[in-house]
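Okay, so here's the structure we're looking at.
Here, each number is a calculation from the coordinates, and none is a lab measurement. It should be emphasised that the depicted structure is a prediction, and the values quoted were computed from it without experimental measurement. Note that we place each Cβ from the backbone using ideal geometry, even for glycine, and neighbour counts take in every protein chain shown.
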Ligand code: 13P
């Protein structure tokens, strides 16, 4: 086997080891950092360069698990660029149907074929375009049916002093619980992304994040049971930057981050990954 092949095999084995730890109930101990590139960049050349730069910094598998979600047209090329690194490929959305007359949609089979392992579902920017809880749930079921990992985004638009936003979050979790049995919820990742913190520079405080982590776990305990609730990793997303990542991670008690803007600069993304290491 050539050197590249050996490295690739070692990386894959180490990743499988992480996944095995997760299935043994240690899921929350392996943090996850996902870069959501959203609608960036606008050329394949820039996407390739960014993927290569991230891959170069992430050669070996050490916690956290690092994932990048480029726009659909770049998945194949980005997949090639990160192949020999520890970086894992993700997609930003998926359709519920897998094949047929659905103009403009992207199938889970296509994403799987391109090597995506995580699929972001129900991002607030998609919900703003009309995606309902019901559609989000159908997408989550589609992803699970094809043995990939959905990263399900939840989060309130604004915070009110009476704490009504907690009810909003609880309802988002309830809609998932209506369709997902315990065995399925254990296979998803939740990303708590308060809409007011996305792209605004207004990061949630460590206390906000800690409180929400606890709240989500409490709701999942109510909807399932404590052991199941403990298995579901909860990421935080919303203006995560190199200078706030360490405190959010250490004191905020989250399972990692879903990063937007800062994932578009390889150095910033690497600094966030380091803060979680
Ligand atoms: P920013 O990190 O740019 O606030 O975006 C967060 C996000 O929406 C990630 O999905």
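Exposure proxy ranking for 77, 193, based on other Cβ atoms within 10 angstrom of each Cβ and starting from the fewest, stands as 77, 193. Suppose R0 equals 25 Å; then what is the FRET efficiency for residue 56 and residue 113 from their Cβ-Cβ distance, rounded to the nearest 0.05? Efficiency computed from Cβ-Cβ geometry: 0.45. What angle, in degrees between 0 and 90 and rounded to the nearest 10, separates the Cα long axis of helix 164-179 from the longest principal axis of the Cα atoms of the chain? With both axes taken from Cα atoms, the answer is about 60 degrees.
Our helix-only sum for the chain, with -39,500 (n - 2.57) per DSSP H run of n ≥ 4 divided by its residues, gives a mean residue ellipticity at 222 nm of -14000 deg cm²/dmol.
Compared with the dominant Cα axis of the chain, that is its longest principal axis, helix 266-276 is turned about 60°. Would the range 51-210 count as rounded, prolate or oblate if I go by the C-alpha gyration tensor, calling it rounded below 1.5 in a/c and otherwise prolate when a/b exceeds b/c, oblate otherwise? Here the range 51-210 falls in the oblate category.
Exposure proxy for 127, 159: other Cβ atoms within 10 Å of each Cβ, ordered fewest to most, give 159, 127. The slack in the chain from residue 145 to residue 277, taken as 0.36 nm per residue of separation less the alpha-carbon distance, amounts to 44.4 nm.
Structure remark: mean-square fluctuation, Gaussian network model of the chain, C-alpha springs under 10 Å; the largest value among 184, 204, 116 belongs to 184.
Taking the C-alpha atoms only, the angle from helix 133-145 to the longest principal axis of the chain is near 40 degrees.
Residues 231, 212, 254, ranked from the fewest to the most other C-beta atoms within 10 Å, line up as 231, 212, 254. Tell me, what is the percent relative contact order of the chain, built from C-alpha pairs under 8 Å that lie six or more residues apart? The normalised contact order for the chain reaches 19 percent.
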